[in-house]
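Following: one structure in structure tokens, then a few remarks.
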Amino acid sequence: MCGIVGYVGKKNTVEFLLNGLKELEYRGYDSAGIAVLNEKNSDSNIEVYKALGKLVNLEEKTSEAIKNDFNLGIGHTRWATHGKPTELNAHPHLGEYSYVVHNGIIENYKELKDELMQKGHKFVSQTDTEVIVHLFENFNNQLNDPTIAFKKTIENLEGAFSILLISKADPSKIFFFKHGSPLIVAKGKDEGEALFASSDAPLIGLAGDVVYLEDGVGGVVTNGEIEFFSDDYKWSTLPASKQYAQKDGYRFFMEKEIHEQSTVVVDTMMGRIKDNAINFDEIDESIIEGINEIKICACGTSYHAGLTASYLFERLSKVKCNVEIASEFRYKEPLLTKDTLFIVISQSGETADTLEALKMAKEAGLKTLVVCNVDNSSMTRTADFSILTRAGIEKGVASTKAFTTQTVVLWMLALYFAKAKNTISENKMQEELHALREVPKSLVVYDFIHEKCKRLSKRYLHGHGFFFIGRDVFYPLALEGALKLKEISYLHAEGYPAGEMKHGPIALADPELFTIALMPENLLYDKIKSNVEELSARDSTICTISPIPFELSDDYIRTNKFDHYMLEFFEMLVAVQLLSMEISVRLGNDVDMPRNLAKSVTVE
Ligand code: F6R
């Protein structure tokens with residue numbers, strides 16, 4: 001996820017910005033840039049430096065600038081969402097005389113860009129961000145008042161936008177606004193010093209009081225004096241520890257990422273649900289023309305997202321869909337026909353088996369699409385089409401938010417194909433879109449669920465194994481729950497289709513076999529209930545996760561009521577993630593870096 005820093009004051013501005021960006025490195029980025037100026041120079045030149053890749057590249061470019069006397073600047077690390085990771089697409093973005101850094105996504109950027117181009121504005125990047133600075137200059141050219149121009153700019157933007165903007169039109173100012181992504185403004189320790197950052201870490205030790213801006217709050221810093229446009233702000237103090245700040249106060253990155261899920265899916269969906277339909281800038285409906293089958297290939301958690309999607313592609317888009325583990329697919333001499341759309345799913349875009357499977361499909365002349373979290377990865381460079389999941393960097397080795405955002409993208413894709421193929425009624429489409437809009441709510445980490453998982457975890461530290469069971473899309477969710485538990489607790493766990501237990505595995509049932517049963521209200525409830533009854537009759541210890549209490553459960557994690565099974569799916573996902581994490585904590589394991597595992601598996 002992108003990072004923002006800003007500075008006004010007497011210290012070395014370039015140094016502050018570079019150090020600040022380093023503190024934000026843990027959030028992941030593919031390019032970085034700064035814009036600095038000295039407001040006392042009569043021509044108030046803004047100097048800008050941008051570099052692809054790691055911050056050392058930017059440091060090299062600024063090695064001369066660091067000696068100069070700038071007193072105001074803005075900086076940014078970018079994680080590509082609109083437009084490739086290139087120097088031109090890196091922030092800060094320039095108009096004729098102003099620069100902006102931005103976190104978030106401007107939903108109406110296309111409309112604004114068209115209007116501004118008609119008025120003669122020239123765009124150089126592929127980003128949504130560039131419209132902000134042109135819109136600002138458009139208003140300022142008319143009004144000759146940068147503060148009013150900034151306010152009018154904000155009024156005309158839709159989507160998520162946390163912004164810092166500087167302009168030669170008034171070089172004593174940094175304009176700021178927060179909507180969606182986090183932004184903090186702070187008083188410096190010296191007189192006339194103000195600092196900005198998108199999270200605590202760059203400010204710790206350097207700032208005095210801070211305001212964690214609420215959505216819709218903005219203002220302007222003039223010569224170090226902070227002024228807000230409204231009264232909706234509150235001064236507070238910073239946490240003392242940087243490590244703690246990087247994890248946003250959570251114990252582990254995994255915990256932070258579980259909590260982030262409800263916000264990152266908003267980014268995943270942003271601009272993609274439009275005019276009561278699904279819209280992807282990255283593809284058009286021709287992608288499904290002549291296609292009679294979808295084949296999905298992936299590994300691990302990404303494979304589970306693919307398996308979930310296979311139910312949705314068949315149910316909603318009425319396209320035959322099969323899913324394969326990439327390492328199996330590669331050597332089975334697969335039959336590939338050109339009426340197949342080949343989809344690979346990968347958080348990193350670098351997993352060796354998935355990448356090779358993709359190359360095989362390309363060589364066979366199939367249309368290929370990757371659902372990926374990292375632009376410019378090997379897979380996004382190889383596939384014909386890429387859809388980014390916009391989860392931001394995932395630090396915990398056990399994948400959480402990557403799976404969630406993949407599943408949301410694939411659900412949207414199933415609806416997109418359904419519309420293109422005319423396999424869905426208007427009513428059903430609206431029902432599905434309504435459910436999609438509710439996804440962020442279903443991913444909130446409710447205290448009562450987390451507390452229950454914490455309490456229950458102490459009962460699940462031994463025994464001879466776990467069976468996670470579910471039906472339909474809750475079967476891949478059972479696989480994912482079991483994988484999470486295995487990865488971080490090192491306990492044996494298996495995911496199984498609930499209806500399949502009686503065909504063998506039920507022989508294992510006894511009180512030391514723990515069954516985690518996913519029992520959604522909106523999908524096959526009675527069927528899974530019978531399967532759980534069968535296990536209970538054989539004395540297995542049963543923990544049910546469901547909105548409906550079940551008299552045979554030994555343990556019960558109550559979930560909220562939702563009217564769509566996918567919303568129950570996401571809430572139960574959070575529950576199994578939390579349960580695994582709390583078991584791992586009690587066992588004293590390293591939650592973020594479990595033994596024997598690597599975040600990206602670039603070997604066969
Ligand atoms: C599990 C996990 C792995 C990955 C798998 C594929 O928590 O993270 O199973 O899902 O290694 O990785 P990507 O999605 O990067 O291709």
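Points worth noting:
- Residues in region 473-508 that are part of a loop (DSSP other than H, G, I, E, B) and crowded, with 20+ Cβ neighbours inside 10 Å: Val473, Leu491.
- Pairs linking a residue in region 382-403 that is polar (S, T, N, Q) to a residue that is open to solvent by 10 Å² or more (accessible area, probe 1.4 Å) and away from the ligand (no atom under 13 Å from the Cβ), with Cβ atoms under 8 Å and 6 or more positions apart or on different chains, are Thr382/Lys359; Thr382/Lys362; Ser386/Glu282; Ser386/Asp375.
- Test: Ile548 is more than 16 Å from the ligand (Cβ to nearest atom) and either not in a helix (DSSP H, G or I) or not assigned by TED's automatic domain parsing to the domain that holds Gly396 (or both): yes
- Options Val266, Val211: the member that is among the aliphatic types (A, V, I, L, M), surrounded by fewer than 21 Cβ atoms within 10 Å (Cβ to Cβ) and not assigned by TED's automatic domain parsing to the domain that holds Phe150: Val266
- Condition met for Pro505 (modelled with pLDDT of 95 or more and out of contact with any Gly (no Cβ under 7 Å at 6 or more places or on another chain)): no
- Spans of strands (runs of 3 or more DSSP E) in region 1-66 with at least 1 residues acidic (Asp, Glu): 46-52
- Selected residue [at pLDDT 90 or above and either outside the structural domain of Val210 (by TED's automatic domain parsing) or open to solvent by 50 Å² or more (accessible area, probe 1.4 Å) (or both)] from Val8, Val56: Val56
- Checked against (1) buried (at least 20 other Cβ atoms within 10 Å of the Cβ); (2) under 26 Å from Val264 (Cα atoms), Lys173 meets all criteria but (2).
- Residue that is farthest from the ligand (Cβ to nearest atom), among those in region 329-354 that are hydroxyl-bearing (Ser, Thr, Tyr) and part of a loop (DSSP other than H, G, I, E, B): Thr337
- You will find that of Ala398, Ala357, the residue that is within 25 Å of Tyr311 (Cα to Cα), within 13 Å of the ligand (Cβ to nearest atom) and more than 16 Å from the chain's Cα centre (by Cα) is Ala357 and no other.
- When the residues of region 360-378 are filtered to those that are within 11 Å of the ligand (Cβ to nearest atom) and among the aliphatic types (A, V, I, L, M), the one that is farthest from Ile288 (Cα to Cα) is Val374.
- Members of region 102-124 that are under 23 Å from Lys168 (Cβ atoms) and either open to solvent by 10 Å² or more (accessible area, probe 1.4 Å) or out of contact with any strand residue (DSSP E or B) (no Cβ under 7 Å at 6 or more places or on another chain) (or both): Leu112, Lys113, Leu116, Met117, Lys119, Gly120, His121, Lys122, Phe123, Val124
- Checked against the criterion of being over 19 Å from Tyr99 (Cα atoms), touching a residue at least 40 places away in the same chain (Cβ under 8 Å) and assigned by TED's automatic domain parsing to the domain that holds Ile105, region 157-169 contains one or more residues that satisfy it.
- Index of the failed condition, Asp190 passing every other in (1) in contact (Cβ under 8 Å) with a residue 40 or more places away in the chain; (2) outside any helix (DSSP H, G or I); (3) buried (at least 19 other Cβ atoms within 10 Å of the Cβ): (3)
- Qualifying residue in region 79-92 (condition: outside any loop (DSSP other than H, G, I, E, B) and not polar (S, T, N, Q)): no
- Screening region 308-328 for residues that are surrounded by fewer than 22 Cβ atoms within 10 Å (Cβ to Cβ) and within 16 Å of the ligand (Cβ to nearest atom) and picking the one that is farthest from Asp353 (Cα to Cα) gives Glu324.
- Hits in region 533-549 - residues which are polar (S, T, N, Q), closer than 18 Å to Gly465 by Cα and open to solvent by less than 10 Å² (accessible area, probe 1.4 Å): Ser540, Thr544
- Some residue of region 564-574 being within 16 Å of the ligand (Cβ to nearest atom), more than 29 Å from Arg315 (Cβ to Cβ), within 23 Å of the chain's Cα centre (by Cα) and buried (at least 19 other Cβ atoms within 10 Å of the Cβ): no
- Given (1) at pLDDT below 95; (2) closer than 30 Å to Ser377 by Cβ, index of the condition Val574 fails: (1)
- Scanning region 150-161 for residues that are out of contact with any His (no Cβ under 6 Å at 6 or more places or on another chain), crowded, with 24+ Cβ neighbours inside 10 Å and not β-branched (Val, Ile, Thr) yields a single hit, Phe150.
- Take the conditions (1) free of Cβ contacts under 8 Å to residues at least 40 places away in the same chain; (2) open to solvent by less than 50 Å² (accessible area, probe 1.4 Å); Leu552 misses just one of them, which is (2).
The values are calculated or read from the model by the stated rules, or taken from the named source; none is laboratory data. Since this is a predicted model, take the numbers as computed values, not measurements. Backbone-built Cβ (ideal geometry, glycine too); neighbour counts: all protein chains shown. The area values use the complete protein model at the heavy-atom level, side chains included, leaving out ligands, DNA and RNA. Shrake-Rupley method; radii C 1.70, N 1.55, O 1.52, S 1.80 Å.
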